[in-house]
Amino acid sequence: MIFEKYLIPDLVLDSFRDITPALLQERGIRFILSDIDNTLVTYDDPEPTPDVQAFLAMLAECGVRIGFLSNNHAERVDLFNRSLGYVAIADAGKPGIRKAAEAMRAMGALPDNTMFLGDQLLTDAACAKQLGLYTVIVPPIRDRTDLFNRTKRKIEVPYMRKYAKLHRQKG
């Protein structure tokens, strides 16, 4: 599979809540570049939920800075980030890397100290891997069920199986 290099994440977790101070310290993570929709909140949550706020507080306590990179439009991203004031880039064009690199520059992040958090292999993981970022994928909180999204998720299946096989061998 030619795309394994770009589509197999470094780590799969059940939720962003599973990112711990120990994981961040172990990996030397000082920055997180995160998707928003279906990674941190549903498309229906216009602002950070209490769980997201607690996560952000934990990151701040650990000295980890977060920024947001979304393919959604500015109106949605700005509303989500309004009370937070973090680096937040909308219409990011993931898996393209131009705006992700822009976000990293704005944050002062480098590939070796940055984690990318997302829910999709074809956009989030592919973007992160091109930049050499430690890539964490979580299942979508509430996935869309239209044909386009169902097709994208089916394309991801062999890569998630390969991830599982690789991590069984290491475990």
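Just check segment 1-54 against the gyration tensor rule for me: Cα atoms, a ≥ b ≥ c as the square roots of the eigenvalues, rounded for a/c under 1.5, and otherwise prolate or oblate depending on whether a/b exceeds b/c. Note, shape of segment 1-54 comes out oblate. Sequence-distant contacts, meaning Cα pairs under 8 Å at least 6 residues apart, place the relative contact order of the chain at 30 percent. The distance separating the Cα centre of segment 115-167 from that of segment 1-32 comes to 12 Å.
GNM remark for the chain: springs join alpha carbons under 10 Å apart, and the peak mean-square fluctuation among Gly67, Gly132, Gly108 falls on Gly108. Counted by Cβ distance under 13 Å from Phe3, the other residues give a net charge of +1, where Lys and Arg count +1 and Asp and Glu count -1. The value of relative contact order for segment 1-90, using C-alpha pairs under 8 Å at least six residues apart, is 28 percent. Determine the shape class of segment 46-136: with a ≥ b ≥ c the square roots of the Cα gyration tensor eigenvalues, call it rounded for a/c under 1.5, and otherwise prolate if a/b is greater than b/c, oblate otherwise. Taking the square roots of the gyration eigenvalues as a ≥ b ≥ c, segment 46-136 is oblate.
Stretching Lys162 away from Ala22 to a fully extended chain increases their span by 47.8 nm, per 0.36 nm per residue minus the current alpha-carbon distance. Entry comment: accessible area of segment 33-73 is 40 Å² per residue, from protein heavy atoms only and a probe of 1.4 Å.
Taking all C-alpha pairs of the chain, those more than 29 Å from each other amount to 13 percent.
Using a probe of 1.4 angstrom and keeping all protein chains present, the accessible surface of segment 115-171 works out to 54 square angstrom per residue. Taking a ≥ b ≥ c as the square roots of the eigenvalues of the Cα gyration tensor of segment 1-91, is the shape rounded (a/c under 1.5), prolate (a/b larger than b/c) or oblate? Because a/c hits 1.5 or more and a/b fails to exceed b/c, segment 1-91 counts as oblate.
Report summary: the helix-based calculation at 222 nm, which adds -39500 (n - 2.57) for every DSSP H run with n ≥ 4 and divides by the residues of the chain, gives -12500 deg cm²/dmol.
The values are calculated or read from the model by the stated rules, or taken from the named source; none is laboratory data. Fair warning: this is a prediction, and the values are worked out from it, not measured in the lab. Cβ coordinates were reconstructed from backbone atoms using ideal geometry, including for glycine residues, and neighbour counts include every protein chain displayed. Each accessible area value is taken on the protein alone, full model and side chains, heavy atoms only, with ligands, DNA and RNA left out. Shrake-Rupley method; radii C 1.70, N 1.55, O 1.52, S 1.80 Å.
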